[in-house]
Amino acid sequence: MVEMGQTQKEQASAVRPALLIDRQTYRNYAVYLRRILVGLAGTAHASAVVCPGDIDVSAVICPTVEQIEYPALRLGIFRSANRRVLLERLLRFKPTVIHAFYPGQTELADFLSVALQTPFVVTVHGQPTGWRLSRQHQNMQNAAKIIAPSESMAGRIAAAWPSLRDRIELVAIGSYVEDECACFSKKSGPASLIAVEPLDDIRLFEPLLGAVRHLILDGCELMLVLMGTGKAERAIRRQIRLMGLANAVTIVPPMRPLRTVLSGADVFLHLKDRGLFNVQLLEAMGVGLAVAGAADPTTGLLTEGQTAMLWDAADELSIYGCLKRLLGQPDAARRLAMNGQTLLQRQCGVSCMIDRTLEVYLAAQESVRK
């Protein structure tokens, strides 16, 4: 009887999540998704990833994860057929919980939840705003649990959907913290600054470029890397040439693995809070970069004088003064970087993220049984 009871308990606690990943979620959170999937595999929980076939998910999935292509047929007229094929694949996989990422596949998650009689949870990485509130309101109302990556995001979700307040769960995004601090670890050479941002508006970069120009005129040796692509890239490149910064500022496309690139820098520049949880910021802090830039209420990780040096993003003089102090005091910059690493160790452990995610999955499954 004891053995039978244990078996029943193990069956009741089995977790087989199916993660619905769209292009935006993959582009912004590939590292985070990889860690969840590897963590689930490490705890002997099977999982599946439902995603478009033209996404290279090799950076996300591991051998024990089942990949399900959706949509199988890429024309809109095949919507019903695609959902039928997806249901057939998921019925064979037998998921115990569906996991979607707002504002991505929440409507699909709601549909699958009803069709499979399986609960779904939604991770909300960005501020719920505009038309999405009304269009996806009913889908979100049917979610068993809502996952927030930070306390500030939990507050924003509660304000947008007050009726879901009791279903919100805080699961901090996990990041590995390196044993060494990368910031100014090199004994010689110019200071290396990096910003990972969409190049979609030249106005975001003009004050920074002006500040960098003044620093170079002051005799500071530095290299600035702007990592990203976007509609304003040509205009930004032109501005760099016009300001005579071609030897100090370079633009590169997004590169993987990002941590390898970041580990060669000294300072990470956070240019704007976009209302999305910034995983790139998390990775930069994990490898031990000093952070300078705009306030980031979305993650709640940046505190002036403790884990970052903050500026007014629209004020060239503010940016100049901030960078001048940071580059002129490398020991103080390293202290900021090490404080950031300590904060991540305390609040953003990967193992803690996996454990909390499993707890949310189990709570969602239990809510259906009730």
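The values are calculated or read from the model by the stated rules, or taken from the named source; none is laboratory data. These figures come from a predicted structure and were not determined experimentally. A quick note on method: Cβ atoms are made from the backbone with ideal geometry, for glycine too, and the neighbour counts reach across all protein chains shown.
Numbers for the structure displayed
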| read-out | value |
| --- | --- |
| Filtered residue count, region 220-273, keeping only those that are under 16 Å from Ile202 (Cα atoms), surrounded by fewer than 14 Cβ atoms within 10 Å (Cβ to Cβ) and among the charged types (D, E, K, R) | 4 |
| Sole residue being of a type in the set (Ser, Thr, Tyr) and at pLDDT below 95, chosen from Thr260, Thr250 | Thr260 |
| Members of region 44-53 found to be part of a loop (DSSP other than H, G, I, E, B) and under 10 Å from Tyr70 (Cα atoms), listed by number | Pro52, Gly53 |
| Subset of region 114-125 (residues that are within 19 Å of Ala363 (Cβ to Cβ) and within 25 Å of the chain's Cα centre (by Cα)) | Pro119, Phe120, Val121, Val122, Thr123, Val124 |
| Residues of region 284-300 that turn out to be aliphatic (A, V, I, L, M), in a loop (DSSP other than H, G, I, E, B) and farther than 10 Å from Cys183 by Cα, as a count | 2 |
| Set Pro95, Pro71: member being in the same structural domain as Ile146 (by TED's automatic domain parsing), of a type outside the set (Lys, Arg) and more than 19 Å from Leu358 (Cα to Cα) | Pro71 |
| All helices (runs of 4 or more DSSP H) inside region 137-250 with 2 or more residues being touching an Asp or Glu at 6+ places or on another chain (Cβ under 6 Å) | 202-217 |
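Okay, residues lined up against (1) of a type in the set (Ser, Thr, Tyr); (2) surrounded by fewer than 20 Cβ atoms within 10 Å (Cβ to Cβ); (3) in contact with a Cys (Cβ under 6 Å, 6 or more places away or on another chain):
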| position | (1), (2), (3) |
| --- | --- |
| Leu282 | no, no, no |
| Ala290 | no, no, yes |
| Thr298 | yes, no, no |
| Asp312 | no, yes, no |
